[in-house]
Amino acid sequence: MHRLVRDRLEEVLAESSPDSTTSHLRECEECRAELAAMRAQAVALRKLRTPEVEPRAGFYARVLERIESQGPRSIWTLFFESPFGRRIAFASMALALLLGIYLVTSEQGMEPFSAASEPVQMIIGEDQPGLVLTNQGTPDRDSVLMNLATYQEQ
């Protein structure tokens, strides 16, 4: 097909082409043959097209019902709809319950911590003065300095 026809192919196929193109088509056998093949192909494609089919009554209602029945999926539906997910959820709840029971019972057996109101004196040796601890359990500054000053190497 020549460039003159190819550039205006849509106009030629719609049969609204200018005079120069129609005169070329009258003279050129090659361009006429290609145009005839294109028109035959267009007719064959139109025959293949199926007529518009109307859906059966209630089709849209069934589609909407199916969409609503599926609903949004969340993490909870994942756990409670599958048997494996249910088992994991129940095992996790049982583990949390057992850990809670263990923590509650182990704390009841322990004595509550109370800080001593008076300093506690610890005896390091018979010949050395003791170390005095404060309420926070840290040694008193003066007693530590006294122990350092009286320390003798043995």
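Taking every residue in region 32-59 that is in the same structural domain as residue 14 (by TED's automatic domain parsing) and pairing it with any residue that is outside any helix (DSSP H, G or I), at least 6 positions away or on another chain, the pairs with Cβ-Cβ distances below 9 Å are 34/1; 35/1. With respect to residue 71, is the statement that it is modelled with pLDDT under 80 and loosely packed, with under 12 Cβ neighbours inside 10 Å true? Considered against the rule, which asks whether it is modelled with pLDDT under 80 and loosely packed, with under 12 Cβ neighbours inside 10 Å, residue 71 comes out as yes. Restricting 79, 59, 113, 90 to residues that are surrounded by 10 or more Cβ atoms within 10 Å (Cβ to Cβ) and at pLDDT below 80 narrows the list to 79.
The values are calculated or read from the model by the stated rules, or taken from the named source; none is laboratory data. These figures come from a predicted structure and were not determined experimentally. Note: ideal-geometry Cβ built from the backbone for every residue, glycine included; neighbour counts use all protein chains shown.
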